[in-house]
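Shown next, in structure tokens, is the structure this report addresses.
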Amino acid sequence: MDLISIVVPCYNEQEALPEFYKEIRKVAKAMDYVRFEFIFVDDGSKDKTLSMLKLLHKKDSRARFISFSRNFGKEAGMLAGLKAAKGDYVAIMDADLQDPPSLLPEMYELVKSGKYDCAATRRTTRKGEPPIRSFFARMFYRLINKMSDAEIVDGARDFRLMRRKMVDAILSMEEYNRFSKGIFGWVGFKTKWLEYVNVERVAGETKWSFWKLFKYSIEGILAFSTTPLYISSVMGFVVCLITFVLACFYAIKALVFGDPTAGFPTIICIVLFLGGIQLIGIGVLGMYLSKTYLETKKRPNYIVRETEEDMITKE
Ligand code: UDP
Ligand code: MG
């Protein structure tokens with residue numbers, strides 16, 4: 001019998017976890033032709049998530065958990081879960097039931113059939129989200145797809161079921177700055193996209209503020225494209241060209257018509273403009289350099305405090 005590992009990153013999910021477990025258990029029961037393991041990754045939650053996970057493990061040995069020493073972010077949670085997964089097939093799901101577990105049987109059929117290596121999901125609407133957030137999200141996907149060669153699908157969720165080969169490929173990417181939406185696309189493999197209408201969170205609230213999302217999108221661009229560096233070089237080149245033409249123009253003008261000194265505002269504007277462009281260029285360079293800096297430190301993506309195998313505090 002095949003083993004399916006379900007990886008669930010959880011950060012302060014005490015309200016949503018019971019609902020989630022109830023639903024996933026139902027689906028697991030219906031799919032009695034496969035075995036399941038649930039890997040809950042407690043991403044340094046400050047509420048009762050961890051103690052709930054411990055209780056769950058006692059009740060149901062299929063429920064495993066990994067608990068971080070602090071909050072490391074969802075990317076780290078997914079990585080830890082994928083590393084720990086032993087399944088022939090691995091799925092990633094949010095704990096808030098925004099990823100409907102009822103899709104699992106279909107996803108498993110698709111991948112099992114051998115036609116696809118991965119069944120991924122994308123939501124077709126962004127209902128329940130503030131309009132500006134949707135607007136910026138759409139802009140981001142347009143931009144990053146122009147700039148990077150990894151295909152990053154608009155509205156794609158992290159909810160997907162993958163075959164072992166693909167999971168191993170993802171784990172072989174050892175970069176520190178992980179942008180999963182890009183990594184999934186970059187490794188390739190045959191992916192079937194299932195679409196569904198956006199579901200709102202069952203309980204608790206989203207952990208993503210607008211600012212966090214904005215920073216995340218910049219991370220994504222830095223991790224999967226070097227186009228900004230290229231743009232700043234091209235910009236520099238174009239400005240030099242314009243300056244050269246202008247210089248010739250003024251030289252000839254001075255020779256032919258004499259030189260009444262004027263144009264102070266023009267000079268100020270040009271100086272400020274060039275200063276701005278230079279700062280942008282240096283900033284872009286700095287962002288890439290800082291990423292390289294973090295990458296060379298080779299810090300671990302997360303630190304595990306305890307797992308179900310070594311429960312420190314018995315509850
Ligand atoms: N999450 C996490 N670490 C974090 C933030 C979020 O593990 O630092 C988990 C969270 O528990 C949930 C999933 O990532 O299972 C998605 O988070 P959320 O629902 O807040 O994001 P949204 O669905 O609003 O994009
Ligand atoms: Mg959510």
Filter region 170-202 down to residues that are touching a Gly at 6+ places or on another chain (Cβ under 8 Å) and at pLDDT 85 or above, then give me how many there are. 3
Need the failing condition index for Glu75 against (1) over 16 Å from Ala203 (Cβ atoms); (2) exposed (fewer than 15 other Cβ atoms within 10 Å of the Cβ), just the number. (2)
Residue check, Phe68 aromatic (Phe, Trp, Tyr) and out of contact with any Gly (no Cβ under 6 Å at 6 or more places or on another chain): no
Out of the residues in region 63-72 that are open to solvent by 10 Å² or more (accessible area, probe 1.4 Å) and of a type in the set (S, T, N, Q), state the one that is farthest from ligand 2 (Cβ to nearest atom). Ser69
Restricting to region 207-226, give me the number of residues that are loosely packed, with under 15 Cβ neighbours inside 10 Å and more than 13 Å from ligand 1 (Cβ to nearest atom). 4
Please determine whether any residue of region 216-230 is under 30 Å from Tyr21 (Cβ atoms) and either out of contact with any strand residue (DSSP E or B) (no Cβ under 8 Å at 6 or more places or on another chain) or in contact (Cβ under 8 Å) with a residue 60 or more places away in the chain (or both). yes
Take region 94-147 and flag every residue that is within 26 Å of Ala223 (Cβ to Cβ), in contact with a strand residue (DSSP E or B) (Cβ under 8 Å, 6 or more places away or on another chain) and within 15 Å of ligand 2 (Cβ to nearest atom). Asp94, Ala95, Gln98, Asp99, Thr121, Arg122, Arg123
Could you tell me whether any residue of region 301-310 is more than 30 Å from Tyr216 (Cα to Cα) and surrounded by 11 or more Cβ atoms within 10 Å (Cβ to Cβ)? yes
Considering only region 32-62, state which residues are among the hydrophobic types (A, V, I, L, M, F, W, C) and surrounded by fewer than 16 Cβ atoms within 10 Å (Cβ to Cβ). Leu55
For region 6-49, name all the residues that are part of a strand (DSSP E or B), within 11 Å of ligand 1 (Cβ to nearest atom) and either among the β-branched types (Val, Ile, Thr) or touching a Leu at 6+ places or on another chain (Cβ under 7 Å) (or both). Val7, Val8, Cys10, Phe40, Val41, Asp42
Of the residues in region 160-206 that are small (Gly, Ala, Ser) and within 16 Å of ligand 2 (Cβ to nearest atom), the one that is most open to solvent (accessible area, probe 1.4 Å) is Gly204
Test Thr261 against the criterion of being loosely packed, with under 11 Cβ neighbours inside 10 Å, modelled with pLDDT of 85 or more and either over 25 Å from Ile218 (Cα atoms) or out of contact with any Gly (no Cβ under 9 Å at 6 or more places or on another chain) (or both), and give yes or no. no
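The values are calculated or read from the model by the stated rules, or taken from the named source; none is laboratory data. Remember, predicted model here, so these are calculated numbers, not experimental data. Quick reminder, even Gly has a Cβ in these numbers, built from the backbone with ideal geometry, and neighbours come from all protein chains shown. To get the accessible areas, we keep the full protein, side chains included, count just its heavy atoms, and leave off ligands, DNA and RNA. Shrake-Rupley method; radii C 1.70, N 1.55, O 1.52, S 1.80 Å.
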